[in-house]
Amino acid sequence: MKLIFGFLVLILAKSYGRTLPSLSKPLSAEPPCSSNASAAWVDVVLLIDNSINMGASNLNKAKTVINSVFSKFPLGNNDNIKQGVHNTRVGIVTYNYEASITAQFTAINNRNDLSRALDGIQISNRNESNLYDALISSLYVVWNCSGTVQIFPDNCPNDFRPVAFVIFAASSYPSINNEIPALVSQEVLFDSDILTFITVNLNNADHTLTSILNKITYNSIIQTSMYNFSIDSNTISDDLEWALLQGFFK
């Protein structure tokens, strides 16, 4: 999905004054906060760098961590909150020169679906890592209702779940990604009341990347960055599980 579509969202919003769908609305049957992954009720979009900079070894590390973390979550799309049935929905966006929606929420209904989707991700032949475009594409995943991408869906309920964008990044690509802090600060697109950014750094030697990820997760209330992790941490799987569950307390 080309970067131009990302700009189109912003241009249309400004030009036509159309109200964008909010991710946060009251829900009478909303489940209580949970610290138990098996009862999680959250939408997760995985943003995975598959540029040359990621490399096959790091990509495999990311896949292993993702499979480990989500083995504890009830994946699917058939939740029934009134009956106490909770599901975690997972979508996947990959990015290099541009972003691609690899899996909509409806494509992943169990751990086998997730593993197959991850197995299908390969390293591209591009060295660009366009995380900016991936963030825009992730909004399309959250807003999508019918299996086709809609920029401004008129009737697109998401059950008003907490949402987490989990970014697996290997390169800064500053010519584009330095614009990300200004993008994610736009509340009309990235509603901080319900959206949690979580990052996994696969290239700690890239200090520009570290800076960008810190800015993405910056919390203006406590004035610090949150939920930034390294793929090489011995506790990365536990850290990601913990961070995902924090979204319930927004």
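The values are calculated or read from the model by the stated rules, or taken from the named source; none is laboratory data. Note that this is a predicted model, so its numbers are computed, not measured. With ideal geometry, Cβ positions are generated from the backbone for all residues, glycine too; neighbour counts draw on all protein chains shown.
Miscellaneous remarks
- Filter pass, Ser211 being modelled with pLDDT of 95 or more, surrounded by fewer than 19 Cβ atoms within 10 Å (Cβ to Cβ) and assigned to a helix (DSSP H, G or I): yes
- Test: residue in the range 229-239 that is of a type in the set (Val, Ile, Thr) and surrounded by 12 or more Cβ atoms within 10 Å (Cβ to Cβ): yes
- The one condition in (1) at pLDDT below 95; (2) buried (at least 19 other Cβ atoms within 10 Å of the Cβ); (3) of a type outside the set (Gly, Ala, Ser); (4) closer than 17 Å to Leu75 by Cβ that Thr106 fails to fulfil: (2)
- Hey, Phe73 of a type in the set (Phe, Trp, Tyr), buried (at least 18 other Cβ atoms within 10 Å of the Cβ) and closer than 19 Å to Glu241 by Cβ or not: yes
- Ala182 vs. criteria closer than 18 Å to Asp43 by Cβ and either within 15 Å of the chain's Cα centre (by Cα) or part of a helix (DSSP H, G or I) (or both): no
- Filtered residue count, the range 142-154, keeping only those that are modelled with pLDDT under 65 and touching a Pro at 6+ places or on another chain (Cβ under 9 Å): 5
- Inter-residue pairs, beta-carbon under 6 Å, first closer than 26 Å to Asp193 by Cβ and in a helix (DSSP H, G or I) and in the range 217-238, second of a type in the set (Gly, Ala, Ser) and modelled with pLDDT under 95, 6+ apart: none
- Residue within the range 32-52 that is surrounded by 14 or more Cβ atoms within 10 Å (Cβ to Cβ), more than 29 Å from Asn127 (Cα to Cα) and polar (S, T, N, Q) present: yes
- Close contacts from the range 104-125, counting a first residue that is touching a residue at least 60 places away in the same chain (Cβ under 8 Å) and more than 11 Å from Thr94 (Cα to Cα) and a second that is surrounded by 16 or more Cβ atoms within 10 Å (Cβ to Cβ) and basic (Lys, Arg), with Cβ to Cβ under 6 Å and a gap of 6+ residues or different chains, come to Phe105/Arg89.
- A count restricted to the range 183-208 and to residues that are loosely packed, with under 14 Cβ neighbours inside 10 Å and either of a type in the set (Phe, Trp, Tyr) or modelled with pLDDT under 95 (or both) stands at 4.
- Only listed residue being modelled with pLDDT of 95 or more, among the aliphatic types (A, V, I, L, M) and either more than 25 Å from Ser172 (Cα to Cα) or crowded, with 23+ Cβ neighbours inside 10 Å (or both), chosen from Ile81, Ile92: Ile92
- Among the residues of the range 190-208, those identified as more than 24 Å from Ser51 (Cβ to Cβ) and assigned to a loop (DSSP other than H, G, I, E, B) are Asp191, Ser192, Asp193, Ile194.
- Flag if Leu139 is touching a strand residue (DSSP E or B) at 6+ places or on another chain (Cβ under 8 Å) and modelled with pLDDT of 85 or more: no
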